[in-house]
Amino acid sequence: MLNKFTRKLNTEEKSYLESEILRLTKKVKFQKGFTVVSMVVLFFLSILLFFLFADNFKTGLVLGIFVLLGLYLFTSLWTNYYNIRNNTRQLDNHQFAMENQKAEIIQCASELVLKMEDSGFEGPDYFFQVEDNLILYIGGKAYYENEKFPNSDFEVIRIFGKNNDMVFFDIQTKGIKVNPQIVIKRKGKKKYLQSEVFPENYEVMEGNVKSLGNTLQMS
């Protein structure tokens, strides 16, 4: 069984977004304030150092200190600007998701699963037989095998902000733990990843997991 749909946010999801919005708002405010204070302190420190050393004609020392302060100021401002920009973007995404009030749901029930082991970077891949001739593919670092997953009945919940940036992800298991009936080892996985017909995440493809190896090798 496979079902894809959207629904309104529930109480827990709203609470999560509200807490993240509050956290990010405080973080951006602090970073902006810290940047302003740092600039003011460095400005007055530079003036103080100039008057301390200017009368002693230590021109080289003064210039060296100013160069070091300038480099520190530039590095600090750039780092803060980068952090403020990223956190502001996250804040906008969470606010958008809260206003949009939409969660994307994928419900899957299957007891026939093929697994491709993690090759070390991208996480494992799973192919669930959801109907006689339909397969759901999911994969990535969020899907490492544990005591509940892969599961005979599970639900993937995703909430997106602007530009399709994901701000919330969860897997809810409702069935029993399923051991993959077919496992492709990491050494043999690379040839399938290079296949032109290898699916995108959450894509549904035609076929049967028992003959999937031959299907994915098709050019």
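Bear in mind that the values in this text are calculations on the coordinates, not laboratory data. Since the model is a prediction, treat every value here as computed from it, not as a measurement. Every residue, glycine as well, gets a Cβ built from its backbone with ideal geometry; the counts of neighbours run over all protein chains shown.
Just a few scattered comments:
- The chain, relative contact order in percent, only Cα pairs under 8 angstrom and at least six apart counted: 22
- Under 5 Å, built H, 5+ apart or other chain: amide partners of F168: I159
- Charges were assigned to the Cβ only: +1 to each Lys and Arg, -1 to each Asp and Glu. The resulting dipole of the chain about its Cα centre is roughly 680 debye.
- Placing a pseudo-label 7 Å from each Cα along the Cα-to-Cβ vector at R89 and K191 gives an inter-label distance of 3.9 nm.
- Distant-in-sequence amide H partners of Y202 (H built 1.01 Å from N, under 5 Å): Y137, I138, G139
- Most mobile listed residue (L136, L24, L48) in the chain, GNM with C-alpha springs under 10 Å: L48
- Estimated from helices alone, the mean residue ellipticity of the chain at 222 nm is -15500 deg cm²/dmol (sum of -39500 (n - 2.57) over DSSP H runs with n ≥ 4, per residue).
- For region 88-199, the Cβ-based charge dipole about the Cα centre amounts to some 460 debye (Lys, Arg positive; Asp, Glu negative; other atoms uncharged).
- Interchain or long-range residues, amide H under 5 Å from K189's placed H: none
- Whole-Å distance, taken between Cα centres, linking region 70-131 and region 154-219: 17
- Percent of Cα pairs in region 103-216 per distance bin of 10 Å, from zero to the largest separation: 13, 48, 33, 6.
- From the coordinates shown, mean projected area of the Cα convex hull in nm² corresponds to which of (i) 17.8; (ii) 11.9; (iii) 13.8: (i)
- Those aspartates and glutamates that a straight Cα-Cα span of less than 15 Å connects to K177, excepting residues fewer than 8 apart in one chain: E111, E145, E147, D153, E155
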